[in-house]
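Below you'll find the structure, written out as structure tokens, and then a few comments.
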Amino acid sequence: MLASNYGYQSMPWELVTQITLGTLLVLTSLAMFLRPDFMSLTVCTLGIYSVQNPDNITRTLFRMLVLFSVISFLYDLVYLLFIHNSSAVDAEFGDMQAGVRKFAFFFCWISFAFRPVVILVLWKDSLDFRKIVRQKQDSMGSGAAGDTM
């Protein structure tokens, strides 16, 4: 129903996945001012690569991306609730760079809140992997034919 409101016959999962992973990539990059988060960064880049080049990718990779996203989500939960201590960091650095840390901490929470959406989209992609790959190959085939004219 949502897809038909925007003029699509069905939900364009390739586009939804690219937008979702691109958004997570930006959020993760901004949150990395506070702490390194290379697992989320890896999920974003592998997911974008997988959607752009589905020929060499299997359904198992999307399932692994879902697993890595869940692990990253759980680590962020532990970090944000138990490990991170703002008052200890402020005492250590004497309130230097407090604005940058608050900015990055805000984006850590936004990234954490957005991660379930990413997990659901990647899970949906792993369930309908063949359909998404077929749509991608059809669009590439029709685009290539249109370019020669």
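The values are calculated or read from the model by the stated rules, or taken from the named source; none is laboratory data. This one's a predicted model, so the numbers in the text were calculated from it and none came from an experiment. Heads up, the Cβs are rebuilt from the backbone with ideal geometry, glycines too, and the neighbour counts pull from every protein chain shown.
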Picking from 24, 34, which residue would you name as being closer than 18 Å to residue 113 by Cα, not acidic (Asp, Glu) and not in a helix (DSSP H, G or I)? 34
When you scan the range 124-139, do you find a residue that is surrounded by fewer than 12 Cβ atoms within 10 Å (Cβ to Cβ), part of a loop (DSSP other than H, G, I, E, B), at pLDDT below 80 and more than 20 Å from the chain's Cα centre (by Cα), even just one? no
